[in-house]
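No lab work stands behind these numbers, since they all come straight from the coordinates. Only a predicted model underlies this, so the values are computations on that prediction, with no experimental measurement involved. We place every Cβ from the backbone using ideal geometry, glycine too, and count neighbours over all the protein chains shown.
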Amino acid sequence: MLGPSLSLILSHLSFKNDSIVTEKETPVLNGSLDPALEPITVRVACADDVGYSKTITDEMEASAKARGTGIAKRSPDYIAEKICEGKAVIALTTSGAWVGFCYIEAWGHGQFVANSGLIVSPVFRKTGVATQIKKRIFDLSREKYPGAKIFGLTTGLAVMKMNSELGYVPVTYSELTDDEEFWSGCKSCVNFEILTSKERKNCLCTAMLYVPEKKEKLPLASSPGPALADAPKPAATSGTTLTPAANEQVAAQSKVLQTMRERIAKMIRF
């Protein structure tokens, strides 16, 4: 945490050159300026930012170890590739100090997109910059892959809350991409054995999904418009029955999803 001096920060957002700029009043602490209170710019990363790749991957690994959670490891070269492709968002101070980062991965021939590797330097945590990065990478994903489903796997409650506010919903792993390359990326996670032992049906991470087609709001059932009133009834599924084992699995998945929804709803209230 940055300490009691945060009460002196006066923050507001402005947009300039497709970037979010967080400007803050910079107080003097013990006779010197606090570097964590410099203005911060959140923008799409470019080739000039490749030099931050090693810093980013080092912090990803250190953060995962500190939390005691798993994370799919990425090399500096992989991060540099994402930066050069224009599939990453970076946050920097005006003096060039690295603040935070996130990148895009596409799977299943662009049908699924993941916003991966969200990380913030410890000095700048609890300042709201993670939310700004998350929102910008989400918007960038929608720009580059407008029809794709956006998903995430996370153990972090803060990320779950940000995802929920963007329109994600908790889902079972079966609704995520079946791209083998994505799942092979989990091999470097300390929890990979748990994932494989459960046949990729679940793990310690919570799966969340944003589906563009489902974001359109329909008229309320209490006041149905023509679209609802005239909608044909779904065709009967003749001869389709579930085995007792399948029924138990569906019931178990429904219970898991309901628990996740209640957990996220509780976080949003606070």
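Cβ neighbours within 10 Å, averaged per peptide: list 154-161, 128-135 in order, most packed at the top.
128-135, 154-161
Charges at C-beta only: +1 for Lys and Arg, -1 for Asp and Glu. How large is the resulting dipole of segment 99-151 about its Cα centre, in Debye rounded to 20?
Here segment 99-151 has a charge dipole of around 200 debye.
Using DSSP to call loops (not H, G, I, E or B), can you name the GluC sites (Glu not before Pro) in segment 98-197 whose Cβ has at most 12 other Cβ atoms within 10 angstrom?
On the way: sites: GLU105, GLU143, GLU165, GLU175, GLU180, GLU181, GLU193; in loops: none.
Listed in order of number, the matching sites amount to none.
Estimate the FRET efficiency between VAL211 and THR55 by the formula 1/(1 + (r/R0)^6), using the beta-carbon distance for r and 30 Å for R0, to the nearest 0.05.
0.30
Given MET60, ILE133, ILE104, which one lies farthest toward the positive end of the charge dipole of segment 57-147, if we put +1 on the Cβ of every Lys and Arg and -1 on the Cβ of every Asp and Glu?
Looking along the dipole axis, the top candidate is ILE133.
Once label points are set 7 Å from the Cα along Cα→Cβ at both SER75 and ALA62, what is their separation, rounded to one decimal in nm?
Simple spin-label model gives 2.2 nm for this pair.
Given R₀ = 25 Å, FRET efficiency for GLU85-ALA158 by Cβ-Cβ distance, to 0.05?
So, using R0 = 25 Å, E works out to roughly 0.40.
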